[in-house]
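First the structure, in the form of structure tokens, and then the observations on it.
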Amino acid sequence: VNEDLDAVCRWAEEQQKKKKLSERGLAIMGFCYGGGKAIRYTTERKVDAATVIFYGSPLTDVDDLKNLRGPVCGIYGADDMQFPASMIDAFRDALNEVMWLSGGGNKSPLHGSEVTVFDGVGHAFWKDMEQVKRGDQPQLDAYERCVSFLRRFFDEKR
């Protein structure tokens, strides 16, 4: 998977150069298995990218998360049997520790990171865009949080 993501990143960089676009950063996003791969990819290979994880396996090791140079948005369901609240709390605590260790506040490269847990839903609660179009909750809220997070990240890269 990492080699595939490397190829996509190379292609995006080539397009940016070919079209003479200003570099505005990179975000890696994944759902379920892809969410876990996204955070592992950004900690191992694209540390300056933003990361969006929709109910994917979180990292709780501070040493791994110290590699990040971009913010993280994690979105989970409180009733997710794969990733219990204790694991998500450990993920949030580890991110907060890394933010504090790297200068805290606006000085931290992880500034803007957020982990949200929605009550009443489990794993894979957002199945398609029709849920968002209908205004289903918490899918609409999760979508809006993701879009807002990415807009802030890319606006800061201007």
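The values are calculated or read from the model by the stated rules, or taken from the named source; none is laboratory data. These numbers were taken from a predicted model, which means no experiment stands behind them. Positions of Cβ are backbone-derived with ideal geometry, glycine not excepted, and every protein chain shown enters the neighbour counts. SASA here: full protein model, heavy atoms, side chains in, ligands and nucleic acids out. Shrake-Rupley method; radii C 1.70, N 1.55, O 1.52, S 1.80 Å.
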| message | I'd like the full set of residues that are modelled with pLDDT under 95 and either of a type in the set (A, V, I, L, M, F, W, C) or under 12 Å from Phe83 (Cα atoms) (or both), limited to the range 48-62. | response | Ala49
| said: Being touching a helix residue (DSSP H, G or I) at 6+ places or on another chain (Cβ under 9 Å) and surrounded by fewer than 15 Cβ atoms within 10 Å (Cβ to Cβ) is the filter here; which residues of the range 94-106 pass it? | reply: Glu97, Leu101, Gly105
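For the range 138-158, give me each residue that is in a loop (DSSP other than H, G, I, E, B) and exposed (fewer than 13 other Cβ atoms within 10 Å of the Cβ).
Step one: of the range 138-158, the residues in a loop (DSSP other than H, G, I, E, B) are 138, 157-158.
Passing the criteria: only Arg158.
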| remark: Residues of the range 120-158 being of a type in the set (Val, Ile, Thr) and in contact (Cβ under 8 Å) with a residue 24 or more places away in the chain, in sequence order, are Val121
| remark: In the set Gly112, Gly120, the lone residue that is on the phi > 0 side of the Ramachandran plot and open to solvent by 40 Å² or more (accessible area, probe 1.4 Å) is Gly120
| request: For the range 4-16, name all the residues that are over 19 Å from the mean Cα position of the chain (by Cα), exposed (fewer than 12 other Cβ atoms within 10 Å of the Cβ) and charged (D, E, K, R). | output: Arg10, Glu14
